[in-house]
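Asker: Encoded as structure tokens, here's the structure I'll be asking about.
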Amino acid sequence: MRVSIYVPKSGMLSLLNKSCYWECLLPSVAGVSGRRIIVGVSGGIAAYKSAELVRRLRQSDADVRVVMTPAATEFITPLTMQALSGNPVHTNLLDTSAEAAMGHIELARWAEAVLVAPASANFLARITYGLADDLLTTLCLATEAPLFVAPAMNRVMWQHPATQHNCLTLQQRNVTLLGPAEGEQACGEVGAGRMLQAEELLIAMAAHWRHGPLAACQVLVTAGPTREAIDPVRYISNHSSGKMGYAVAAAAAAAGAKVLLVTGPTNLSCPDGVKCIPVDSAAQMAEVVKTNVSQSQILISAAAVADYRPVVVQDRKMKKSSPELNLQLERTEDIIALVASSKDSPFVVGFAAETDNLESYALEKLQRKGLDMIAANLVGEDMGFNKDDNALTVLWQDGKHEIERADKSIVARELIALIAERYHAKSTS
Ligand code: PMT
């Protein structure tokens with residue numbers, strides 16, 4: 001017996017959780033925008049996380065109604081959930097005033113999706129057996145909307161054959177299990193049973209409504225420059241603004257993909273529906289790409305990754321003691337060449353930034369790095385870096401396509417359409 005669950009890659013989240021600076025960058029998740037979602041909360045310590053879930057759903061423009069079991073109200077107050085959802089909270093099946101405002105059948109019909117987070121072992125058992133002894137379980141029976149559950153419980157309770165059997169039965173009825181994740185638990189034990197983070201739940205739900213030529217894909221995009229430290233105040237970098245890579249990430253999300261954007265330092269905000277991971281150096285970018293690439297079907301590398309970095313990084317600011325300074329540099333790892341040469345490589349699209357011999361240099365890079373496609377652009381006085389527009393010559397083994405100079409968002413959409421076409425052609429050949 002095997003219960004298959006949605007568990008996102010942990011590296012991504014551990015980076016996301018690192019600082020509140022990051023919190024501010026969290027984008028709204030486009031896939032849930034305008035959707036009518038019931039958040040069910042059952043009794044468990046993870047109920048506190050459902051407050052953040054409701055906040056993020058609202059931030060992403062979802063219309064949210066919260067339904068709590070009596071046990072859930074012992075962990076978090078309906079008032080908190082009311083303030084965050086902007087709607088009255090439903091707690092009682094037999095409350096005449098609540099039923100008069102929006103009865104449980106009306107609520108069940110209203111929902112486009114029901115997400116129960118946390119879903120306790122007791123709640124999972126009750127819906128498995130079709131019990132309707134409180135408002136939340138009644139709703140789960142009465143709704144035709146897709147049901148998502150985010151289990152959260154002690155690891156032994158999760159592994160118990162009864163819980164596993166219930167989850168398997170629910171999956172056979174098309175209930176989607178989101179998590180649980182592994183890690184340290186409120187009870188002090190370590191193992192599977194933690195509720196997924198709000199962000200992970202949002203992205204999993206958004207996937208349910210995704211449409212477009214890349215709907216079934218995860219696309220990893222790199223953008224911006226990297227900075228290679230010389231000492232604590234100086235670095236080697238380039239003029240990349242990130243505009244091209246961010247436009248590519250936004251276009252991939254609009255084409256239905258789940259998009260992860262690994263970005264060097266820029267002044268841009270993370271596009272809607274895209275998860276951003278900021279990095280500084282080429283080595284950090286390589287690390288994050290390597291951690292996440294196995295889950296991606298397509299890698300698009302628009303980042304201007306430094307080719308060299310100082311061999312020694314001084315730990316104190318260097319003094320201007322001599323008229324000349326010689327820095328010894330070493331090559332950075334070629335990220336896309338490494339990914340393209342790996343077993344089970346995704347579809348790899350590189351960019352080539354050239355000041356001359358655009359096509360021949362780009363073709364040489366396509367072949368040397370073993371890429372599926374390369375998008376070549378001229379960089380220089382009036383082109384490429386930090387401009388709002390761009391033009392691309394896109395090359396692959398036996399083909400070529402010119403994308404005329406236009407705003408980077410338009411160029412990116414045409415490029416994504418071409419990538420989707422070539423990617424599907426390769427996967428069906
Ligand atoms: O950011 P903007 O201001 O909008 O500018 C956009 C851009 C000009 C930066 C962009 O369109 C672009 O061309 N990006 C690639 C720049 C670059 O590094 O090109 P390259 O020819 O040096 O590298 C070829 C490919 O190898 C690129 O896909 C690059 O991401 C990748 N690479 C390079 C070095 C390295 N160590 N690892 C890599 O993966």
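Asker: Just checking, does the range 398-407 include any residue being under 20 Å from Ala249 (Cβ atoms) and under 27 Å from the mean Cα position of the chain (by Cα)?
Answerer: Checked the range 398-407: at least one residue is under 20 Å from Ala249 (Cβ atoms) and under 27 Å from the mean Cα position of the chain (by Cα).
Asker: Would you pick out the residues in the range 308-338 that are assigned to a loop (DSSP other than H, G, I, E, B) and hydrophobic (A, V, I, L, M, F, W, C)?
Answerer: Val311, Val312, Val313, Met318, Leu325, Leu327
Asker: Please go through the range 57-87 and give me each residue that is in a helix (DSSP H, G or I), surrounded by 17 or more Cβ atoms within 10 Å (Cβ to Cβ) and of a type in the set (Gly, Ala, Ser), ordered by number.
Answerer: Ala72, Ser85
Asker: Consider Val149 carefully, then state whether it is farther than 18 Å from Val41 by Cβ, modelled with pLDDT of 95 or more, crowded, with 17+ Cβ neighbours inside 10 Å and among the hydrophobic types (A, V, I, L, M, F, W, C).
Answerer: no
Asker: Now for a different question. I'm trying to understand the selection: among the residues of the range 327-351, which are touching a Lys or Arg at 6+ places or on another chain (Cβ under 8 Å), more than 8 Å from the ligand (Cβ to nearest atom) and over 26 Å from Cys217 (Cβ atoms)?
Answerer: Within the range 327-351, Leu329, Glu330 qualify.
Asker: In the set Ala198, Ala229, Ala206, Ala216, which member is more than 20 Å from Lys408 (Cα to Cα) and in contact with a Phe, Trp or Tyr (Cβ under 9 Å, 6 or more places away or on another chain)?
Answerer: Matching residue, one of Ala198, Ala229, Ala206, Ala216: Ala229.
Asker: With respect to Thr128, determine if the residue is more than 14 Å from Pro151 (Cα to Cα) and either outside the structural domain of Arg194 (by TED's automatic domain parsing) or over 30 Å from the mean Cα position of the chain (by Cα) (or both).
Answerer: Taking the combined requirement at face value, the residue does not satisfy it.
Asker: Looking for something part of a helix (DSSP H, G or I) and surrounded by 24 or more Cβ atoms within 10 Å (Cβ to Cβ) - is there at least one such residue anywhere in the range 299-307?
Answerer: no
Asker: Can you spot a residue in the range 380-387 that is buried (at least 20 other Cβ atoms within 10 Å of the Cβ), more than 17 Å from Pro346 (Cα to Cα) and assigned by TED's automatic domain parsing to the domain that holds Gly242?
Answerer: Checked against the condition, which is being buried (at least 20 other Cβ atoms within 10 Å of the Cβ), more than 17 Å from Pro346 (Cα to Cα) and assigned by TED's automatic domain parsing to the domain that holds Gly242, the range 380-387 yields at least one hit.
Asker: Quick one: which of Thr226, Thr222 is near the ligand (Cβ under 9 Å from one of its atoms), closer than 25 Å to Lys317 by Cα and surrounded by 21 or more Cβ atoms within 10 Å (Cβ to Cβ)?
Answerer: Of Thr226, Thr222, the one residue that is near the ligand (Cβ under 9 Å from one of its atoms), closer than 25 Å to Lys317 by Cα and surrounded by 21 or more Cβ atoms within 10 Å (Cβ to Cβ) is Thr226.
Asker: Another question about this same structure. Checking the conditions here, which among Val349, Val312 is buried (at least 23 other Cβ atoms within 10 Å of the Cβ), at pLDDT 95 or above and over 14 Å from Pro225 (Cα atoms)?
Answerer: Sole residue among the options that is buried (at least 23 other Cβ atoms within 10 Å of the Cβ), at pLDDT 95 or above and over 14 Å from Pro225 (Cα atoms): Val349.
Asker: Among the numbered criteria (1) crowded, with 17+ Cβ neighbours inside 10 Å; (2) part of a helix (DSSP H, G or I), which one does Glu52 miss?
Answerer: In the conditions (1) crowded, with 17+ Cβ neighbours inside 10 Å; (2) part of a helix (DSSP H, G or I), Glu52 misses (1) alone.
Asker: Right, next: Filter the range 352-361 down to the residues that are assigned to a helix (DSSP H, G or I), more than 8 Å from the ligand (Cβ to nearest atom) and either surrounded by 16 or more Cβ atoms within 10 Å (Cβ to Cβ) or not acidic (Asp, Glu) (or both) and list them by number.
Answerer: Answer for the range 352-361, where residues must be assigned to a helix (DSSP H, G or I), more than 8 Å from the ligand (Cβ to nearest atom) and either surrounded by 16 or more Cβ atoms within 10 Å (Cβ to Cβ) or not acidic (Asp, Glu) (or both): Leu358, Ser360.
Asker: Out of Ser294, Ser269, report the one residue that is assigned by TED's automatic domain parsing to the domain that holds Ala376, away from the ligand (no atom under 13 Å from the Cβ) and part of a helix (DSSP H, G or I).
Answerer: Every option except Ser294 fails the conditions.
The values are calculated or read from the model by the stated rules, or taken from the named source; none is laboratory data. What you see is a predicted model, and the numbers here were worked out from it, not measured in a lab. Please note: Cβ atoms are built from the backbone with ideal geometry, for glycine as well, and neighbour counts cover all protein chains shown.
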